[in-house]
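Each remark here refers to the structure printed beneath this line.
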Amino acid sequence: MIYGDTEKSYRKTSKLINRIRHQEQGGTPHRTLHECTEKEGENVLSYIEERTSCILVENGFSEDGICQDSKADYNNDKPATIPKEQVIEAIDKCRQDKDTCVEDILSNSVPYEDPGKSINVAIDDVNVKKQEELRPGGRKPERGKRKYVHNTIAHILKKEVGSYVLNGHGIKNVLLFLTAFLFHNRLIGTRIQFFTDGHKTLNEAILKIFIWYKNIGIILDWYHLEKKCKEQLSLALKGRFIRNDILDKLRPLLWYGSTDMAVAYLEEISKDSIKDMGALDKLIAYLKRNKPYIPCYAVRKELGLCNSSAIGEKMNDLVVSERQKHNGMSWSKSGSVSLATITALKRNKESDKWFEEKELDFKLAA
């Protein structure tokens, strides 16, 4: 499972183990290997779900993650931050010109968290093609809109300590796993800094599940912010030359976290340059909605702080996409999530403990 199924197809893995065991005729069928791996993944996921429930109940939560016992550690909304003098020094180093006001940058609501007293969580969904279900009699259903199986991947990182990958069915389940993980690793009280692609559903889910905990923050990944601006301006404006000119002036405003100035700039675009006002309005609404999550990326970069959910995107590739997104592949919900769970087990270096003891450390590892 670890050295075969997570890297290559069940058919190829089956041929490999049968050849090694000199059982090329009448050896283990690839379908049997598939079923065994799927069952093992389900067992790992069930273990994590049961352990999550126990940890939550032990810490005053209901099994579905509702906090029933408020504590002082939960209500502290003042994160440990980098000293102001160091921040001002960084601002001075990265300012593009003298017109960039230090006070404007300092007024940005996203704090510059102390990396030694915070954890970074990159979380996102990754989709693979869903298998078509056969109708009675073996007939395939009529072709319609392509359906997908959703895995949610969360990458947890604590500087100079280690990391961990969580996988599961849907955002809510993985956020509950994350809550239990934080308690188990005694990380409650530290800053939890989420990095997302700005998807409204994801941000709302994070704020809802962690409504009991004040010391959290969400940062919109710079790559996705820039990508969104490019896409919407392409739809809204007349030609790439106009788009590129406006994008060149918009990008620095957002890089320095000046969301209000960026919105004002977009609202002042000449109507002669616009071909679709609705697309421009969508971009303006997107920036207004995500203003609390847009930091001064320039200063964060100068301070060595994270600006991106790239590590989460990489985990999506390593845990799901590299194995499950080849041409012609499609998956059942259980099959996809189970294989991803086994792959996460491998990434977390927990496979030996699981197969020997049927338990997991459930802790950050170097």
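The values are calculated or read from the model by the stated rules, or taken from the named source; none is laboratory data. Please read all numbers here as calculations on a predicted model, not as lab measurements. Please note: Cβ atoms are built from the backbone with ideal geometry, for glycine as well, and neighbour counts cover all protein chains shown. The accessibility values were calculated without ligands, DNA or RNA, using every heavy atom of the protein model including side chains. Shrake-Rupley method; radii C 1.70, N 1.55, O 1.52, S 1.80 Å.
For the reader, a short list of remarks on this structure follows.
- Single unsatisfied condition, residue 214 versus (1) of a type outside the set (S, T, N, Q); (2) touching a Lys or Arg at 6+ places or on another chain (Cβ under 9 Å); (3) surrounded by 15 or more Cβ atoms within 10 Å (Cβ to Cβ): (3)
- Residue count, region 182-230 (criterion: within 16 Å of the chain's Cα centre (by Cα) and either modelled with pLDDT of 95 or more or on the phi < 0 side of the Ramachandran plot (or both)): 27
- Listing of helices (runs of 4 or more DSSP H) fully contained in region 49-124 that carry 3 or more residues being at pLDDT 90 or above: 84-94
Every residue, every condition in (1) in contact with a Pro (Cβ under 9 Å, 6 or more places away or on another chain); (2) under 23 Å from residue 151 (Cβ atoms); (3) open to solvent by 30 Å² or more (accessible area, probe 1.4 Å); (4) part of a helix (DSSP H, G or I), yes or no:
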| site | (1), (2), (3), (4) |
| --- | --- |
| 177 | no, yes, no, yes |
| 180 | no, yes, no, yes |
| 207 | no, yes, yes, yes |
| 231 | no, no, yes, yes |
| 269 | no, no, no, no |
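- Cβ-Cβ under 9 Å pairs, at least 6 apart or on other chains, region 216-240 side more than 30 Å from residue 189 (Cβ to Cβ), far side basic (Lys, Arg) and crowded, with 18+ Cβ neighbours inside 10 Å: 230/243; 233/243; 234/243; 236/243; 237/243
- Residue list for region 329-345, filter: open to solvent by 20 Å² or more (accessible area, probe 1.4 Å) and either at pLDDT 95 or above or of a type in the set (A, V, I, L, M) (or both): 329
- Output for region 31-48, where each listed residue is surrounded by 17 or more Cβ atoms within 10 Å (Cβ to Cβ) and not aliphatic (A, V, I, L, M): 34, 37, 38, 40, 41
- Only a single criterion out of (1) within 20 Å of the chain's Cα centre (by Cα); (2) open to solvent by less than 30 Å² (accessible area, probe 1.4 Å) is not satisfied by residue 257, namely (1).
- Among the residues of region 272-312, the ones that are over 26 Å from residue 93 (Cα atoms) and either open to solvent by less than 60 Å² (accessible area, probe 1.4 Å) or in contact with a helix residue (DSSP H, G or I) (Cβ under 8 Å, 6 or more places away or on another chain) (or both) come to 18 in all.
- When residues in region 146-164 are screened for being open to solvent by 10 Å² or more (accessible area, probe 1.4 Å), part of a strand (DSSP E or B) and hydrophobic (A, V, I, L, M, F, W, C), 1 of them pass.
- Cβ-Cβ under 8 Å pairs, at least 6 apart or on other chains, region 1-17 side more than 14 Å from residue 324 (Cα to Cα), far side aliphatic (A, V, I, L, M) and modelled with pLDDT of 90 or more: 1/342; 2/342; 2/345; 13/33; 14/33; 17/33
- The residue pairs whose first member lies in region 345-366 and is more than 20 Å from residue 318 (Cα to Cα) and free of Cβ contacts under 8 Å to residues at least 12 places away in the same chain, whose second member is among the acidic types (Asp, Glu) and open to solvent by less than 20 Å² (accessible area, probe 1.4 Å), and whose beta carbons are closer than 9 Å, counting only pairs six or more residues apart or on different chains, are 361/350.
- Only one entry in 86, 68, 25 is touching a residue at least 40 places away in the same chain (Cβ under 8 Å) and surrounded by fewer than 17 Cβ atoms within 10 Å (Cβ to Cβ), namely 86.
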